[in-house]
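The numbers here are math on the coordinates, done by the rules we state, and not lab data. A quick note: this is a predicted structure, and the numbers were derived from the prediction, not measured. Methodologically, a virtual Cβ is constructed for each residue, glycine included, from the backbone with ideal geometry; neighbour enumeration extends over all protein chains shown.
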Amino acid sequence: SGMPGVIIGHNQDIAWGFTNLGADVTDLFLEKVSADGYQYEGKTKAFVTRDETIKVAGGKSRKITVRETNNGPLVSDRSSEMAKVGKKAPVANAAPDRGDGYAIALKWTALEPGKSMDAVFELNRAKD
């Protein structure tokens, strides 16, 4: 859903379909964070940030700032459950200075540019 073109269907010449096996396409990363950014290869790297407006049906729009690391957006900024993971993460041996300075980033293949839709558009016009 949400994709243009015919994903499973037919035209006058051929029919096609896709198998969705629920592949694992997401990873969560525990990021050491501070007010200045996040730890990457022993250095503090600045977050990539962007402002977004979420339109709420029947309510006022909500403006948020998304902070992103090289592993993806910080989902713990928007989820109290994910924030708990960062606070209680069992990293005492790996990072004894942990404190509350951790956040959870989401790396997901859907957030990376790709050419999958090019194949769908070609299928929609295929003859054999």
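The packing ranking, built from the mean of other Cβ atoms within 10 Å per residue, places the peptides 49-56, 27-34, 121-128 in the order 27-34, 121-128, 49-56, highest first.
Taken about its Cα centre, the chain carries a charge dipole of about 560 debye when Lys and Arg each add +1 at the Cβ and Asp and Glu each add -1 at the Cβ. Helical content of the chain, expressed as a calculated mean residue ellipticity at 222 nm, amounts to -4500 deg cm²/dmol (DSSP H runs of 4 or more residues, -39,500 (n - 2.57) each, divided by residue number, nearest 500). Taking the square roots of 5 times each eigenvalue of the Cα gyration tensor of the chain, largest first, gives ellipsoid semi-axes of 39, 19, 14 Å.
To the nearest ten degrees, helix 116-125 and the longest principal axis of the Cα atoms of the chain are 10 degrees apart.
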